[in-house]
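Heads up: the structure comes next, in C-alpha cells.
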Amino acid sequence: MPENPETVLEIDLNALAHNYSVLRSRIRPGTRLLGVVKAFAYGSEAIGIARKLEALGADYLAVAYASEGVFLRKAGIRLPILVLHPQPNGMEEIIETCLEPSLYSPRILREFIKTAQAMEQKAYPVHLKFNTGLNRLGFWENDLEWIDAQLQGTDALEIRSLFSHLAASDDRNEREFTLGQLKAFEGVVKNWEQQFKSRPFYHLLNTSGVFNYPEAQYDMVRTGIGLYGYSNDPETDSLLKPVSSLRTRISQIHKIEPGEWVGYNKGYTAPDFRVTATLPIGHADGIGRQYGQGKGRVYIQGKPAPIIGNVCMDMTMVDISDISCKEGDEVVFFGDGISAEGLASRANTISYELLTGISQRVPRIITGA
C-alpha cells in the first residue's frame with residue numbers, strides 16, 4: 001500500500017523560503033515585510049506557514065479576521081499580526097490576544113475606541129486604512145480632520161501605520177490607474193504629516209506592486225500570493241516556487257462502451273470506447289463543478305487526463321484512455337511543475353480561488369525545514 005493512499009495537500013516550506021528570499025531581494029534592506037496568512041495561509045496550513053515566516057525574519061503577519069489571528073496566537077505565534085477586516089464583535093479578543101486592527105471606517109474607529117477605553121487601554125497599536133481607488137474598504141483623504149477630532153479625545157490608541165491597497169498593480173494596461181493610486185496615497189501621507197505630530201510607518205505595495213512599483217515601497221510591503229509561488233505574471237512566476245501540491249490516487253478504473261454515460265445527469269457520454277478513472281476528490285474538497293466537462297485536467301504518469309462529466313461531491317472522473325496506469329497510481333492536480341494558475345484559468349477563474357478553496361478535510365502534509 002502507498003504511504004499516503006488518500007488525497008493530500010503537500011506544503012513545501014523550502015519553496016516558501018525560496019519565495020521569501022526572492023521577495024526580500026526586491027526591497028530595500030530596511031523595508032519591513034509582512035506575510036499575509038489569511039484564509040488558512042491561502043488554503044495551505046496557517047500555523048506551519050506562520051512559524052516558518054517567523055523563523056525567516058518576517059516583520060509582520062496579516063489575517064482577514066480576528067478569529068484567524070486568535071488561532072495563530074493560541075499556536076504560539078508572537079509576531080505582530082495585522083487584522084485587515086475586523087468586525088465589531090471581535091474587538092475585545094483582538095485586544096486580549098494583542099492583535100493589531102485595521103480601522104477603515106468611522107463606525108469601526110468609533111467602536112474600537114469605545115472597546116479600548118472600556119478595557120482601559122493606553123496607546124493600543126492600530127492601523128488606518130485609506131481608500132485610493134479599490135473602493136472596497138478605507139477612509140477617504142478628507143476624513144483626516146474627523147479622524148484627528150476622534151483621536152484628540154482619547155489616549156487609548158496609537159496609530160502604528162497608514163496604508164492602502166492597490167487594485168491593478170499586476171495589470172500593465174492599468175499603469176496610469178495605479179500611478180494615480182500611488183499619487184493619492186502620497187497625498188494622504190503628506191497631509192497626515194502636516195496635520196499630526198505622530199510619524200507612523202506607511203505601506204502600500206502587494207506582491208505585484210513589489211515587482212512593478214518598487215519605488216513606492218515606503219516602510220513595509222505586504223505579500224500574499226507571492227509567498228505561495230504565484231504573482232499574476234508568467235515572467236515573475238518563473239522566479240517563484242509553488243508551495244502547495246494537491247495529489248490523490250486512482251480509486252477505480254472503468255472501461256466505457258460507446259454511448260454509455262459517466263456520472264450524474266449524462267454529464268459525459270462516451271463517443272467511442274473509453275477508459276476512465278474515478279478519483280476520491282470532489283467539490284466538497286475544493287474541486288468545483290466548473291472544472292468538469294473537459295475544462296479541467298489532472299496529470300497521471302506526467303500525462304494530462306481531462307476531467308469528464310460533472311464533478312461529484314466526493315469524486316471526480318477523468319479520461320485515461322491514452323495513459324497506461326493502474327488503480328492506486330498517483331494523480332496530480334497541481335504541483336511538481338504543474339501550475340495551479342494553469343488549472344484555474346482553464347475553468348475561467350484564478351489561482352487564489354483554487355488554492356483557498358481546498359477543503360480542510362483534505363489532509364495537509366508539511367515538508368521542508
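Rounded, prolate or oblate: which fits region 148-218, taking a ≥ b ≥ c as square roots of the Cα gyration tensor eigenvalues, rounded meaning a/c under 1.5, else prolate when a/b beats b/c?
Prolate is the answer for region 148-218, as a/c is 1.5 or above and a/b outweighs b/c.
Could you give the dipole magnitude of region 49-176 about its Cα centre, charging the beta-carbon of Lys and Arg +1 and that of Asp and Glu -1, in debye to the nearest 20?
Details: 14 positive and 19 negative charges, 87 e Å.
Roughly 420 debye, rounded to the nearest 20.
Starting from the coordinates of the alpha-carbon atoms of region 190-245, obtain the Kirkwood hydrodynamic radius over all distinct pairs and give the value in Å to one decimal.
12.9 Å
What is the pair-distance distribution P(r) of region 179-285, computed from all Cα-Cα distances in 10 Å bins starting at 0, with each bin given as a whole percent?
11, 23, 17, 16, 13, 11, 6, 2
Below 8 Å between Cα atoms, with a sequence gap of 6+, how large is the relative contact order for the chain in percent?
19 percent
Once you keep just the Cα pairs under 8 angstrom separated by 6 or more residues, what percentage relative contact order results for region 202-259?
On the way: 55 pairs, mean separation 14.7, N = 58.
25 percent.
If you restrict to DSSP beta bridges whose two residues both lie in the chain, what percentage is antiparallel, to the nearest 5? It would help to have the intermediate numbers written out before the result.
Numbers: 27 of 56 bridges.
Close to 50 percent.
Compute the signed sum of charges (Lys and Arg +1, Asp and Glu -1) over the other residues within less than 14 Å, Cβ to Cβ, of Gly48.
Spelling it out: positives minus negatives among the neighbours equals -1.
Per residue, how large is the accessible surface of the chain? Use a 1.4 angstrom probe and give square angstrom.
I get 46 Å² per residue for this part.
With an 8 Å cut-off on Cα pairs and a minimum separation of 6 or more residues, tell me the relative contact order of region 70-218 in percent. Don't skip to the end; give the middle numbers.
Numbers: 204 pairs, mean separation 27.3, N = 149.
Averaging sequence separation for qualifying contacts and normalising by length gives 18 percent for region 70-218.
Of Ile81, Asn131, Thr31, which is farthest towards the positive pole of region 20-152's charge dipole, taken about the Cα centre with +1 and -1 on the beta-carbons of Lys, Arg and Asp, Glu respectively?
It is Thr31, whose Cα lies furthest towards the positive end.
Based on the Cβ-Cβ distance of Ser21 and Gln194, what FRET efficiency does E = 1/(1 + (r/R0)^6) give at R0 = 35 Å, to the nearest 0.05?
0.35
Given Cβ point charges of +1 (Lys, Arg) and -1 (Asp, Glu) and nothing else, what value in debye, to the nearest 20, does the dipole of the chain about its Cα centre take?
260 debye
Please report the carbon-and-sulfur percent of the accessible area for region 39-190; probe 1.4 Å, protein heavy atoms only, DNA, RNA and ligands left out.
Roughly 47 percent, rounded to a whole number.
Quick one: net charge of His85's neighbours, Cβ under 12 Å, K/R +1, D/E -1?
Numbers: positive: Lys38, Lys129, Arg136; negative: Glu68.
So the surrounding residues net to +2.
What shape does region 242-284 take by its C-alpha gyration tensor, where a ≥ b ≥ c are the square roots of the eigenvalues and a/c under 1.5 counts as rounded, a/b above b/c as prolate, and the rest as oblate?
Details: a/c = 2.78, a/b = 2.08, b/c = 1.33.
Taking the square roots of the gyration eigenvalues as a ≥ b ≥ c, region 242-284 is prolate.
The values are calculated or read from the model by the stated rules, or taken from the named source; none is laboratory data. On a predicted model such as this, the values are computed, not experimentally measured, just so you know. Here the Cβ is made from the backbone with ideal geometry for all residues, glycine too, and neighbour counts use every protein chain on show. Note: accessible area is taken over every heavy atom of the protein model, side chains too, but ligands, DNA and RNA are not part of it. Shrake-Rupley method; radii C 1.70, N 1.55, O 1.52, S 1.80 Å.
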